[in-house]
Amino acid sequence: MLTADDKKLISQIWTKVAEHGKEFGGEALERMFITYPQTKTYFPHFDLHVGSEQVRSHGEKVVNALSNAVKNLDNLSQALAELSNLHAYNLRVDPVNFKLLSQCFQVVLAVHLGKEYTPEVHSAYDKFLSAVASVLAEKYR
Ligand code: HEG
């Protein structure tokens, strides 16, 4: 459950993330592919080399989807409904992978935000990304 303070921190910090979609999103995916190579099986049609423009563009799409989520923190299920259908019915991504990407995304935030990524911000983002992951996985049951 996100508290009012969590929501404030998530929205404040997101202004520094949203404008770096390709860089931050691309790096999160790159970290996921390198650290958890089994995740590459969902992207057989992608160029997965380090620095791949296709991965950077996909990273930007992921960040834009998260921007939409940040704007709808009280309404995540509805805001992400289409994406949830896509991942469950078309892409059939095993939900364990959402946790792996969340983990990598948090490393990206820590690396790029440095001191601004305080324990409170970390906690707020951990909750936010878990909430997004549960919405993306809710159609599986
Ligand atoms: Mg997913 C497509 C967002 C986790 C595999 N993902 C997409 C798209 C978005 C998105 C916005 C494009 C949808 C479209 O074109 O309409 N993904 C998204 C979020 C998260 C996530 C917000 C979690 C925070 N995705 C995720 C994970 C995997 C995965 C963990 C697999 C390890 N996504 C995946 C694949 C595609 C998308 C295979 C299709 C890529 C393509 O062919 O362009």
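Structure notes:
- Largest-first principal axis extents of the Cα set of region 1-48 (Å): 40, 25, 16
- Euclidean distance between Cα centres, region 1-50 to region 115-141, Å: 12 Å
- Each Lys and Arg contributes +1 and each Asp and Glu -1, all at the Cβ; summed about the Cα centre of the chain, the dipole is approximately 220 debye.
- Out-of-range pairs (alpha-carbon distance over 30 Å; input Lys7/Lys40; Lys115/Lys139; Lys40/Lys127): Lys7/Lys40; Lys115/Lys139
- Across the chain, Cα-Cα pairs more than 25 Å apart make up 22 percent of the total.
- Each stretch of four or more DSSP H residues adds -39500 (n - 2.57); spread over every residue of the chain, this sum gives -20000 deg cm²/dmol at 222 nm.
- Largest-first ordering by accessible area, 1.4 Å probe, given options His112, His45: His45, His112
- Dipole-positive endmost among Tyr140, Gly59, Val93 within the chain (Cβ charges, Cα centre): Tyr140
- Relative contact order (%) - criterion: Cα under 8 Å, at least six apart; region: the chain: 34 percent
- For Ser77, the solvent-accessible surface with a 1.4 Å probe is about 60 Å², rounded to the nearest 10.
- Taking every full run of DSSP H in the chain, the ones that stretch at least 15 Å from end to end by Cα along their long axis and average 0.0 or higher on the Kyte-Doolittle scale are 96-113, 119-137.
The values are calculated or read from the model by the stated rules, or taken from the named source; none is laboratory data. Just so we're clear, the structure is a prediction, and the values are computed from it rather than from any experiment. Because the Cβ atoms are built from the backbone with ideal geometry, glycine has one as well, and the counts that use them run over all protein chains shown. Heads up: the accessible areas ignore ligands, DNA and RNA and are worked out on the full protein's heavy atoms, side chains in. Shrake-Rupley method; radii C 1.70, N 1.55, O 1.52, S 1.80 Å.
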